[in-house]
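Since the structure comes first, as structure tokens, the remarks are kept for the end.
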């Protein structure tokens with residue numbers, strides 16, 4: 001491990017330790033703890049989840065009594081870290097679709113406990129939880145999700161993915177809502193435009209891959225519709241891998257940002273001379289549909305390496321669902337990405353399956 005990796009790891013440990021203390025002192029010992037962001041007061045209700053350099057809290061706006069999910073991202077690595085975090089912010093702004101989560105507001109503040117910055121993202125709170133929660137509930141009750149409901153949730157998720165895979169650059173900037181700065185991050189503003197698309201032309205097709213589709217990243221709205229969330233792994237989909245060094249880098253990126261049980265085989269062993277593309281999401285969709293149906297991803301088998309299981313492409317369907325659903329899953333879980341269907345074909349197959357339920 002090089003010195004930069006060690007420094008990042010230490011920063012991560014400090015961040016976790018500090019937020020663990022905050023969680024214990026504010027969310028348990030002091031249930032009325034508040035924070036002020038963009039001139040508004042919020043009460044911290046509880047910790048909802050955590051990631052590499054981020055925590056998600058349930059907060060209540062004291063002026064309106066509305067609940068929000070607040071994602072807190074620590075920036076420790078200077079301007080490059082800022083740009084990486086802002087790519088997530090821009091992804092929330094870029095894709096506008098009923099089945100994609102909407103960012104409500106964002107802010108940047110100085111980290112009082114360290115030398116870095118903190119980005120706050122204000123997101124809707126979904127009281128019905130996510131598909132991972134639905135899986136857990138089914139496991140407890142022993143009742144599998146009805147096939148029609150399962151396919152309807154999957155169909156809505158696919159519509160969200162299509163908006164990403166078929167993204168065309170809009171005529172106006174996607175920078176909504178504006179990011180507020182309590183303290184400037186860098187000398188030049190990085191929040192008033194989509195830097196990643198600076199050289200793209202209006203109307204140009206620019207496919208994006210989510211890169212971390214899984215049940216935990218699909219929320220269930222109050223009306224029962226699925227909402228795709230967490231764009232921290234989202235990147236331009238098509239990457240030409242020209243050198244071995246680049247291949248290893250892409251593997252490292254995937255291992256950090258794409259959850260192993262749902263990760264496509266071409267991301268476990270990136271080949272030189274190949275092109276990574278949006279088909280990685282098709283594999284993840286297949287794993288997700290299987291997992292919600294049967295309670296676990298297809299490649300989480302006792303005593304077997306997930307990487308080896310994924311590479312082999314072998315899995316088994318438990319009984320309980322129709323051949324139409326089985327065939328839909330099988331169509332997506334093809335090891336060769338060139339042989340996988342694109343997102344429109346997956347939608348067509350899903351609609352065919354729905355028509356027969």
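The values are calculated or read from the model by the stated rules, or taken from the named source; none is laboratory data. Please read these numbers as outputs of a predicted model, since none were measured by experiment. Positions of Cβ are generated from backbone atoms using ideal geometry, with glycine treated the same way; all protein chains shown enter the neighbour counts.
Determine which member of the set 14, 36, 43 is more than 21 Å from residue 259 (Cβ to Cβ), assigned to a strand (DSSP E or B) and at pLDDT below 90.
Values: 14 fails: assigned to a strand (DSSP E or B); 43 fails: at pLDDT below 90.
Of 14, 36, 43, the one residue that is more than 21 Å from residue 259 (Cβ to Cβ), assigned to a strand (DSSP E or B) and at pLDDT below 90 is 36.
For a quick check of your reading of the model, give me the residue pairs whose first member lies in the range 124-138 and is at positive phi and buried (at least 17 other Cβ atoms within 10 Å of the Cβ), whose second is part of a loop (DSSP other than H, G, I, E, B) and modelled with pLDDT under 95, with beta-carbon atoms closer than 6 Å and at least 6 apart or on different chains.
none
Per-residue answers, yes or no, for (1) under 14 Å from residue 307 (Cα atoms); (2) in contact with a strand residue (DSSP E or B) (Cβ under 6 Å, 6 or more places away or on another chain); (3) at pLDDT 95 or above:
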position: 240; (1), (2), (3): no, yes, yes
position: 246; (1), (2), (3): no, no, yes
position: 256; (1), (2), (3): no, no, no
position: 264; (1), (2), (3): yes, no, yes
position: 270; (1), (2), (3): yes, no, yes
position: 279; (1), (2), (3): no, no, yes
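Report those helices (runs of 4 or more DSSP H) wholly inside the range 303-357 carrying at least 3 residues which are more than 24 Å from the chain's Cα centre (by Cα) and modelled with pLDDT of 95 or more.
Details: elements: 306-312, 323-332, 343-355.
Passing ranges, in order: 323-332, 343-355.
Within the range 35-64, track down each residue that is surrounded by fewer than 15 Cβ atoms within 10 Å (Cβ to Cβ) and touching a helix residue (DSSP H, G or I) at 6+ places or on another chain (Cβ under 7 Å).
Within the range 35-64, 46, 52 qualify.
Considering only the range 97-118, how many residues are over 18 Å from residue 58 (Cβ atoms) and either within 15 Å of the chain's Cα centre (by Cα) or touching a residue at least 60 places away in the same chain (Cβ under 8 Å) (or both)?
Residues that pass the stated criteria total 11.
If residue 299 meets every condition in (1) buried (at least 24 other Cβ atoms within 10 Å of the Cβ); (2) modelled with pLDDT of 95 or more; (3) under 30 Å from residue 143 (Cβ atoms) apart from one, which number is that one?
Only one criterion in (1) buried (at least 24 other Cβ atoms within 10 Å of the Cβ); (2) modelled with pLDDT of 95 or more; (3) under 30 Å from residue 143 (Cβ atoms) is unmet by residue 299, namely (2).
Tell me the strands (runs of 3 or more DSSP E) entirely within the range 119-231 that contain at least 2 residues that are modelled with pLDDT of 95 or more and under 15 Å from the mean Cα position of the chain (by Cα).
Details: elements: 179-181, 218-220, 226-228.
Of the strands (runs of 3 or more DSSP E) lying wholly inside the range 119-231, those with at least 2 residues that are modelled with pLDDT of 95 or more and under 15 Å from the mean Cα position of the chain (by Cα) span 218-220, 226-228.
Can residue 289 be described as in contact with a strand residue (DSSP E or B) (Cβ under 9 Å, 6 or more places away or on another chain), buried (at least 20 other Cβ atoms within 10 Å of the Cβ) and part of a helix (DSSP H, G or I)? Please lay out each step first, then the result.
Working: in contact with a strand residue (DSSP E or B) (Cβ under 9 Å, 6 or more places away or on another chain): no; buried (at least 20 other Cβ atoms within 10 Å of the Cβ): yes; part of a helix (DSSP H, G or I): yes.
No; evaluated as a whole, the condition is false for this residue.
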